[in-house]
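Here is the structure we will look at.
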Amino acid sequence: MSGRVLVVDDSEVIRQLIRVNLELEGFEVVTAADGAECLEVIRRVKPDVVTLDVVMPRLDGLRTAARLRATPDTSGLPIAIVSACTPADLDLGEAVGVDGYLGKPFDPVDLVALVRRLMRAEERPAGFRPERTERTDRG
């Protein structure tokens, strides 16, 4: 399976880590350093999935997700939070329509599995919301 993933994180090291792991699995990866850059890049690259860190300068991941959901062109775009999530972050993410969660530090296998599930977004039932489990990979 291939597809285009937009990885949004203020840490260059994390962006590169995610990029390498996804590219090894055949995904095309585009990166942005924060939510404001994500909103600029997204129209140009038209990704199949977006991963967002929560804590970023200029525009954080949850506000970015809310803006993506509020825009007709991106309202159905699968979004995953890849961050050191607090329970409050999970609640806010669910409220704005985030499709999955992966906590940092993460296992690359879990990252790839989450992105693959989100690539198959059309298989999710209407009204889908991320399942809450002990694992950080929620989708």
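Taking the protein heavy atoms of the chain in the context of the full set of protein chains, the accessible area attributed to carbon and sulfur is 52 percent at 1.4 Å. Residue-wise HN-Hα couplings along segment 22-36, as the Karplus relation 6.51 cos²θ - 1.76 cosθ + 1.60 with θ = phi - 60° gives them from phi, are 6, 5, 4, 9, x, 7, 8, 10, 10, 10, 9, 8, 6, x, 5 Hz; Gly and Pro carry x.
Label-to-label distance, residue 13 versus residue 55, with points set 7 angstrom from Cα along the beta-carbon direction: 1.4 nm.
Per residue, how much accessible area does the chain show when a 1.4 Å probe rolls over the protein heavy atoms, in square angstrom? Averaged over the residues of the chain, the accessible area is 49 Å². Amide H to amide H, with H built 1.01 Å from N, residue 56 comes under 5 Å of 61, counting only residues 5 or more places away or on other chains.
The values are calculated or read from the model by the stated rules, or taken from the named source; none is laboratory data. From a predicted model like this one, the values you see are computed outputs, not experimental measurements. Every residue, glycine as well, gets a Cβ built from its backbone with ideal geometry; the counts of neighbours run over all protein chains shown. Ligands, DNA and RNA are stripped out before the accessible areas are found, and what is left, the full protein with its side chains, is counted by its heavy atoms. Shrake-Rupley method; radii C 1.70, N 1.55, O 1.52, S 1.80 Å.
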